[in-house]
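Trainee: Quick one: this structure, given as structure tokens, is what I'll be asking you about.
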Amino acid sequence: MLIVDKEGILIRYNVKMEKSMTPEDAAAELYSKDELNRAIAEAIFEGEEDDVIEGLKAAIAAGKDPISLIDDSLMVGMKVVTELYDQGVIFLPNVMMSADAMLEGIEFCKAEAGSSPKPKGKVVVHVAEGDVHDIGKSIVAALLRANGYEVVDLGRDVPVDEVIACVKKESPMMLTGTALMTTTMYAFKEVNDRLLEAGIRMPFQCGGGAVNQDFVSTYELGVYGEEAADAPKMADAILAGKGLAELKATFHKH
């Protein structure tokens, strides 16, 4: 959104906001009004695992259901983090710390309840064969888990055969792949072809420093993820019934 300042200069509204508000101020506007839920959300934002657990203990002592707290407090707190990340107010290290704190909170709630919430869906993630750079994959996995998805993390430098075998075994809703090196991203085309040979037509989200939209567009199942945060958005779109053509239309931005 563009506005005109006193000198008649056009500037983006969020740039003006960022100059006048700290990340903490921006987050405060998004928190729940419920005091117990707010304390947990603030701890998620700060990435303070101990404070998350203390907040959950207080909420459970006040009569809140542990499993309900996952959706009503932990997920809501993480949503604040991802929204501010999307806006460029906070950065990846903040997201990773918050995701770790949220996952600790989920494990605590599961232990307290003696049961687990049903995941929204299953996603297999991996780094391309020959590539050992896994920070992008780790961020994708953290954001997917933070948004309620079960993640099967194959790690880095994953052989194509292993990727295909895992997809056949796990039947995920989506596969993701990251590559930092141009010499390794061509494994994605082989994964695509092997999936089609096996009769598997499943969105294959690809991203990473070496990968661009033009390359991903050359193979049928590929959908380009420009940002790690696109992965949960893509999974949500699949749950909403969007097919490959619609995913490409939404996420192929250039």
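Trainee: Would you mind stating whether I200 is assigned to a helix (DSSP H, G or I) and either touching a helix residue (DSSP H, G or I) at 6+ places or on another chain (Cβ under 9 Å) or under 14 Å from V125 (Cα atoms) (or both)?
Mentor: In short, no.
Trainee: Another question, if that's okay. Could you say whether any residue in the range 90-103 is aromatic (F, W, Y), free of Cβ contacts under 8 Å to residues at least 60 places away in the same chain and either touching a Lys or Arg at 6+ places or on another chain (Cβ under 8 Å) or buried (at least 20 other Cβ atoms within 10 Å of the Cβ) (or both)?
Mentor: So far as the range 90-103 goes, no, none of its residues is aromatic (F, W, Y), free of Cβ contacts under 8 Å to residues at least 60 places away in the same chain and either touching a Lys or Arg at 6+ places or on another chain (Cβ under 8 Å) or buried (at least 20 other Cβ atoms within 10 Å of the Cβ) (or both).
Trainee: Right, next: Can you give me the number of residues within the range 168-186 that are touching a strand residue (DSSP E or B) at 6+ places or on another chain (Cβ under 6 Å) and assigned to a helix (DSSP H, G or I)?
Mentor: Total meeting the criteria: 1.
Trainee: So is G177 in contact with a His (Cβ under 7 Å, 6 or more places away or on another chain), assigned by TED's automatic domain parsing to the domain that holds V140 and open to solvent by less than 20 Å² (accessible area, probe 1.4 Å) or not? Write out each step before concluding.
Mentor: Details: in contact with a His (Cβ under 7 Å, 6 or more places away or on another chain): yes; assigned by TED's automatic domain parsing to the domain that holds V140: yes; open to solvent by less than 20 Å² (accessible area, probe 1.4 Å): yes.
Yes.
Trainee: Sort through V76, V151, V80 and tell me the only one that's touching a strand residue (DSSP E or B) at 6+ places or on another chain (Cβ under 7 Å), among the β-branched types (V, I, T) and outside any loop (DSSP other than H, G, I, E, B).
Mentor: On the way: V76 fails: touching a strand residue (DSSP E or B) at 6+ places or on another chain (Cβ under 7 Å); V80 fails: touching a strand residue (DSSP E or B) at 6+ places or on another chain (Cβ under 7 Å).
The conditions single out V151.
Trainee: Next up: Looking at G47, G55, which is the one that is modelled with pLDDT of 80 or more and at positive phi?
Mentor: Sole residue among the options that is modelled with pLDDT of 80 or more and at positive phi: G47.
Trainee: What's the total number of residues in the range 155-167 that are within 11 Å of V124 (Cβ to Cβ) and either touching a residue at least 60 places away in the same chain (Cβ under 8 Å) or in a helix (DSSP H, G or I) (or both)?
Mentor: 6
Trainee: With the structure loaded, tell me whether P172 is closer than 20 Å to G155 by Cβ, of a type outside the set (V, I, T) and buried (at least 17 other Cβ atoms within 10 Å of the Cβ) or whether it fails that test.
Mentor: Values: closer than 20 Å to G155 by Cβ: yes; of a type outside the set (V, I, T): yes; buried (at least 17 other Cβ atoms within 10 Å of the Cβ): yes.
Yes.
Trainee: Another question, then. Being over 20 Å from Y219 (Cα atoms) and among the hydrophobic types (A, V, I, L, M, F, W, C) is the filter here, so list the residues in the range 167-204 that pass it.
Mentor: Start the filter on the range 167-204 by keeping residues that are over 20 Å from Y219 (Cα atoms), which leaves 169-171.
Once the filter is applied, which keeps residues that are over 20 Å from Y219 (Cα atoms) and among the hydrophobic types (A, V, I, L, M, F, W, C), the range 167-204 yields nothing.
Trainee: Go through the range 216-254 and count every residue that is without any contact (Cβ under 8 Å) to a residue 24 or more places away in the chain, open to solvent by 60 Å² or more (accessible area, probe 1.4 Å) and aliphatic (A, V, I, L, M).
Mentor: Here the count works out to 3.
The values are calculated or read from the model by the stated rules, or taken from the named source; none is laboratory data. As the structure is a prediction and not an experimental result, all values here were calculated from the model. Note that each Cβ is placed from the backbone with ideal geometry, even for glycine, and that neighbours are counted across all protein chains shown. For accessibility, only protein heavy atoms count, side chains too; no ligands or nucleic acids. Shrake-Rupley method; radii C 1.70, N 1.55, O 1.52, S 1.80 Å.
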